[in-house]
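The structure under discussion appears below in the form of C-alpha cells.
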Amino acid sequence: MSALPEHPVPGPGNVGPAAPGRHRRGHHEAARPGLRERKKARTRAAIRQHALRLFREQGYEATTVEQIAEAAEVSHTTFFRYFPTKEDVVLQDDMELLWIEALRAQPPDLPPIAALRASLHDAFASLSADDLAKIRETTDFALSVPAIRARMLDELTRTIQVMATAIAERIGRNPDDFEVRTLVGAALGVAISSWFTAQGDMERFMTDYARALELLLTGLPL
C-alpha cells in the first residue's frame, strides 16, 4: 500500500470522528468521481502502466523518469505531481484507497479489528485478475530492488497515519492516541508478515491475515 497524492482519502481530516451524514456523503462522492478526478486517475494509471512495462523490458535501474514520462506522453513535471519518486511508481497502488473506502463502508457498530478484516476482504474482492497480477509484480520489484525497499519504510509510516485516521473516525478518537496507533501498528504488522509469508499467493494471504486478526481480536493467546 502506498501514498496516493492524486486520490485523497475522503473524510473530515486528521482528527476526530466524522458526523454520520458527512461520512455517508464523503463515501458517496468518492464512489462517483467527477470528470477532473477521472482524468487524473487515467493519467496516473498510464504513467504507472508504462513505468512497469519499461521496468520489465530494460530493468528498474536502467529506466529513467524521463523515459517513463515520454512513454506516458506527459511532462517530467507531471510525473512528479503524481509520483514523488521513481520508487513510488512501484509502491503506489490503489489497494490502500480501496481498503480505506471499504473500511468506511463497514457497519459503525463493528469493532475496529473486525472492520479491518471485513474491509480488506471486500477490497480484495473488488480486484480483477489483472489487478492481482500487478500487485504480485510490484511486490517482486519491492523485494528485489534495494532503493524501493528503502522507500518502503517511509510509505509504511504514512500508511499508519492514514489507517489511524480512518479507525479514529469510527470510534470517535484522535488518530494520534496511543491506543489507536498501537492497534493500527499491530494490524499492519501482521498484514506485512502474512504478505511476505504468502509470497504472492493472494488466497493464502487473505487466509493468513484473517487468522492473524482473529488472534489479535482474542488477545493473542499463545
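So here's what we get for this one:
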quantity: Ellipticity estimate at 222 nm from DSSP helix runs (n ≥ 4, -39,500 (n - 2.57)) divided over the chain, nearest 500; calculated: -23500 deg cm²/dmol
quantity: Over 22 Å [Cα-Cα, the stretch 75-199], rounded percent; calculated: 40 percent
quantity: For Val145, net neighbour charge (Lys/Arg +1, Asp/Glu -1) across residues whose Cβ lies under 11 Å away; calculated: 0
quantity: Neighbour-count ranking [beta-carbon atoms within 10 angstrom, fewest first] of Glu37, Glu169; calculated: Glu37, Glu169
quantity: Ascending count of other beta-carbon atoms within 10 Å, so fewest first, for Lys40, Lys86; calculated: Lys40, Lys86
quantity: Inter-probe distance in nm under a simple model that places probes 7 Å from Cα toward Cβ, at Ile192 and Ile171; calculated: 2.1 nm
quantity: Calculated Cα Rg over 2.2 N^0.38 Å (choose from [x] 1.18; [y] 1.04; [z] 0.99), label; calculated: [y]
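Rule-based calculations on the coordinates, nothing more; no lab input. These figures come from a predicted structure and were not determined experimentally. Backbone-built Cβ (ideal geometry, glycine too); neighbour counts: all protein chains shown.
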